[in-house]
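The values are calculated or read from the model by the stated rules, or taken from the named source; none is laboratory data. Just so it is clear, the model here is predicted, and its values are computed rather than measured. Every residue, glycine as well, gets a Cβ built from its backbone with ideal geometry; the counts of neighbours run over all protein chains shown.
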Amino acid sequence: MLRYIVPLLVFLGVSAFLLKGLELNPHEVPSPFIDKPAPVFSLQKLHAPDTSFSTKEMLGEVWLLNVWASWCVACRAEHPLLVQLSRANIVPIYGLNYKDEPDDARNWLRQLGDAYVSSLIDYEGKVGIDFGVYGVPETFVIDKQGIIRHKVIGPVTPAALDDCVLPLVRKLQQASAQMVVKRTEVEGCA
Amino acid sequence: MNSLKVFVVLLCLLVFAPLVLAKEAVHMVEDPEMEKTVNAISDELRCLVCQNQTIADSSAPLAVDLKNQVRKMVETGQSQDDIIDYMVQRYGDFVRYRPPMKASTLLLWIGPFLLLLIGIAVLVINLRKRTAMKSDENLSVEEHERLQGLLAAESSRQGATRSNSLQQKVGEEKS
């Protein structure tokens, strides 16, 4: 009897691992930045290169940092959703224009609509490296204390926005400046 | 005349091709010893775009950027540990080709040895069982005499060549 049961158990075990493996996306590398302070940076604004933006300005506010580039096809796909979100005036979205030609970037925004309060020029991609960006687009949710609470890898989908990003943003906005709200408190972010 | 043209084209290729290749070497550090260090460190870091390559092997834009970053840090005299820490801080343990030994990676490290041990255990148990079974196969005295009788009768009829297969048959009957 054992000689039938053992192979069956081994088979079931392997199947369970493989089945789990089907759901995992090897391209989603867990970010070490979740619940860590966002790297501090100061960059030129795309639409006003004489002025710069510093992450320090955003302390006390919940905001999104969306990494984008005009050469990035997936950014084009997610952009209408970001424009819609910006019109709803729920949360300020800042753009990190990653390794892009500023002229191309401005044209791109003129064509597709500008979802950003400001886009910041990261011409060399150095700030991208500081944020652990390895693919574009990526979107970070940053809380009032300047701590990264969530990262969306790849284009933001309506489902990801409704199930995770927006509920999390609301919770973070309602929390006082010292309160800690983790993304694990939002079901859709798991 | 035609072959002369071909010759000129080939000559041009020969002369100019190395120039094209030389373009890639723009970022080279002057000091070859330092370049060696840069390569050694880059070999420890995974390219996150093409995940089964190191950033030393990969020509993905991010890998090139990261390699330049490694070069910059080597030039400013930072140690290998500093540089790898810098990368792990930004990209997580995943960026290391050799994952560190800790609770979450323990299975990764000991898994293969665990499987090997299980394999050896199964093998030993099976071998023991087999030797136990073999000793049971010893024929009793009567059976042995019967076998000898059959063999003698068979060999006298058809010659010694068949006796082996007969022995096999008797063996099969037994089992």
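Within region B:65-106, restricting attention to residues that are aliphatic (A, V, I, L, M) and within 10 Å of another protein chain (Cβ to nearest Cβ), which residue is farthest from A:D35 (Cα to Cα)?
Checking each candidate, the answer is B:L66.
Rundown of residues vs (1) away from chain B (no Cβ under 14 Å); (2) surrounded by 22 or more Cβ atoms within 10 Å (Cβ to Cβ); (3) charged (D, E, K, R), yes/no style:
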site	(1), (2), (3)
A:A88	yes, no, no
A:P92	yes, no, no
A:D100	no, yes, yes
A:V117	yes, no, no
A:K126	no, no, yes
A:T139	yes, yes, no
A:D143	yes, yes, yes
A:G146	yes, no, no
A:L161	yes, no, no
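For region B:92-175, give me every one of the helices (runs of 4 or more DSSP H) that falls completely inside it and has 2 or more residues that are modelled with pLDDT of 85 or more and surrounded by 10 or more Cβ atoms within 10 Å (Cβ to Cβ).
B:106-136, B:141-158
Let me spell it out: the conditions are (1) more than 14 Å from chain B (Cβ to nearest Cβ); (2) touching a helix residue (DSSP H, G or I) at 6+ places or on another chain (Cβ under 9 Å), and A:G135 meets all of them except one. Which number is the exception?
Failed condition: (1).
Hey, does region B:41-48 have a residue that's at pLDDT 85 or above, more than 20 Å from the chain's Cα centre (by Cα) and more than 12 Å from chain A (Cβ to nearest Cβ)?
yes
Output the number of residues of region A:145-190 satisfying the condition of being under 18 Å from A:F33 (Cβ atoms) and part of a loop (DSSP other than H, G, I, E, B).
Residues flagged as under 18 Å from A:F33 (Cβ atoms) and part of a loop (DSSP other than H, G, I, E, B) within region A:145-190 amount to 9.
Out of B:Q78, B:Q69, B:Q148, report the one residue that is at negative phi and under 31 Å from the mean Cα position of the chain (by Cα).
Only one candidate passes the filter, namely B:Q69.
Where residues in region A:20-55 are hydroxyl-bearing (S, T, Y) and either away from chain B (no Cβ under 14 Å) or not in a loop (DSSP other than H, G, I, E, B) (or both), which of them is surrounded by the most Cβ atoms within 10 Å (Cβ to Cβ)?
The residue in question is A:T55.
Just checking, which of A:E61, A:E57 is among the charged types (D, E, K, R) and under 18 Å from the mean Cα position of the chain (by Cα)?
Just a single option satisfies the conditions, and that option is A:E61.
Please verify whether A:A105 is surrounded by 21 or more Cβ atoms within 10 Å (Cβ to Cβ), assigned to a helix (DSSP H, G or I) and touching a Ser or Thr at 6+ places or on another chain (Cβ under 7 Å), treating the condition exactly as stated.
yes
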